[in-house]
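Here, each number is a calculation from the coordinates, and none is a lab measurement. Remember, predicted model here, so these are calculated numbers, not experimental data. Using ideal geometry, Cβ is built from the backbone for each residue, glycine included, and neighbour counts are taken over all protein chains shown.
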Amino acid sequence: MNMPSAQDDERPMFDKVALIGLGLIGSSLAHVMRRENLAGRISGAARSEETITRARELGLADEYHTDPAAAVQDADLVFLNVPVGAMGKVAEKIAPALKPGAILTDVGSVKAAVIRDVSPHVPEGVHFIPGHPIAGTEQSGPDAGFAELFENRWCIFTPLPDTDEEALRRLTAFWQATGAHVETMTPEHHDLVLGITSHLPHLIAYNIVATAADLEEVTESEVIKYSAGGFRDFTRLAASDPVMWRDVFLNNREAVLELLGRFMEDLSALQRAIRWGEGEKLHELFKRSRRIRREIIEAGQDTAAPGFGRR
Ligand code: NAP
């Protein structure tokens, strides 16, 4: 499935790759770059000394910086792996230090807002290709990463109209070497698709956990004790990084509000069906949901094992 990687002739695919942000995504990129020989040298940047110290212990990079501009010096490929709301500020900081001809990309969960915030800072001769790997877990920080995170997952590019074809080809080869499949679409379409497949499910999960926590008639210890009834499956999503998700909702406002409107109409229809005892309606809808679950498994995007493979 992987493209022939740079390993074939023992030379790394890129001479130097800079990872700005060493959390779940940044550290996973570091692990897979080592495994697949994708970078001759990795430089890593994070905000806090704490993350730098831990990244050093884990051996994620060859050099470490708290100043992102220092990290991108001489880098052929630069990844922005910071929360969506921080992308613009980081791009502004690194812009003067970017090497002419370098590829600048990001992994942000929202695309139109990242393009809006980053593009104005990209110097002439640097190829900015926005991207988003549809792969993650509810964990964050430098310990959370693993080399297999992108295996058989999709990475979506939302290239700008004047994107350099050779740069796009090289970035595509990089992501394919991580085990990912690559797809291209417009930023607006990306934000709508991810709005329904990722952002709205997280919002619903955060909300149901909040509702349960605020119930007065059912104690919190009961919610926890009986969570295997279904509630615990929402708590995985609701345990995701609060800063990352705050930024997603602030930066994909229109798409999320549009989808939320549709969702609330459908929820009202369900409420009505329950109130009026319309069993046939409920049955039809639940049958359709089962089919979608089967299609996700057939597409290799989840395990067929019961309970998501829990024992
Ligand atoms: P993470 O584990 O929380 O790591 C975030 C990294 O960004 C940390 O190294 C942090 O440095 C740095 N950072 C945070 N705020 C910053 C700021 N204001 N300025 C500079 N650096 C900052 O996050 P992640 O899960 O890897 O997510 C990174 C990006 O990937 C986000 O844009 C997210 O939308 C996207 N993404 C996430 C997932 C997922 O499931 N998690 C999946 C696909 C894409 P310190 O540790 O020093 O604070």
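Do we find that Ala113 is within 15 Å of the ligand (Cβ to nearest atom), under 29 Å from Glu254 (Cβ atoms) and touching a Lys or Arg at 6+ places or on another chain (Cβ under 7 Å) in this structure? Judged against the criteria, Ala113 is not a match.
When the test is whether a residue is more than 22 Å from the chain's Cα centre (by Cα), more than 23 Å from Thr172 (Cα to Cα), in a helix (DSSP H, G or I) and within 13 Å of the ligand (Cβ to nearest atom), Glu50 passes it.
For the stretch 188-226, a residue qualifies if it is polar (S, T, N, Q) and crowded, with 16+ Cβ neighbours inside 10 Å, and exactly one does: Ser198. Candidates are the residues of the stretch 172-187 that are closer than 17 Å to Phe128 by Cα and of a type outside the set (Ser, Thr, Tyr); the one that is surrounded by the most Cβ atoms within 10 Å (Cβ to Cβ) is Phe174. I'm trying to understand the selection: among the residues of the stretch 20-45, which are farther than 17 Å from Gln139 by Cα and assigned to a loop (DSSP other than H, G, I, E, B)? Listed by number, the residues that qualify are Asn37, Leu38. Touching a strand residue (DSSP E or B) at 6+ places or on another chain (Cβ under 6 Å), closer than 23 Å to Glu36 by Cβ and assigned to a loop (DSSP other than H, G, I, E, B) - does that describe any residue in the stretch 135-147? No - not one qualifying residue is present in the stretch 135-147.
Scanning the stretch 175-195 for residues that are farther than 30 Å from Pro12 by Cα and under 14 Å from the mean Cα position of the chain (by Cα) returns His190, Asp191, Val193, Leu194, Gly195. When the helices (runs of 4 or more DSSP H) confined to the stretch 181-257 are screened for residues that are in contact (Cβ under 8 Å) with a residue 12 or more places away in the chain and within 16 Å of the ligand (Cβ to nearest atom), those reaching at least 1 such residues are found at 187-194, 200-214, 231-238, 242-251. The test for being within 21 Å of Asp191 (Cβ to Cβ) and not aliphatic (A, V, I, L, M) does not hold for Phe231. Could you list, in sequence order, the residues of the stretch 71-96 that are surrounded by 19 or more Cβ atoms within 10 Å (Cβ to Cβ) and part of a helix (DSSP H, G or I)? If the condition is that a residue be surrounded by 19 or more Cβ atoms within 10 Å (Cβ to Cβ) and part of a helix (DSSP H, G or I), then Ala71, Val84, Gly85, Met87, Val90, Ala91, Ile94 are the ones that fit.
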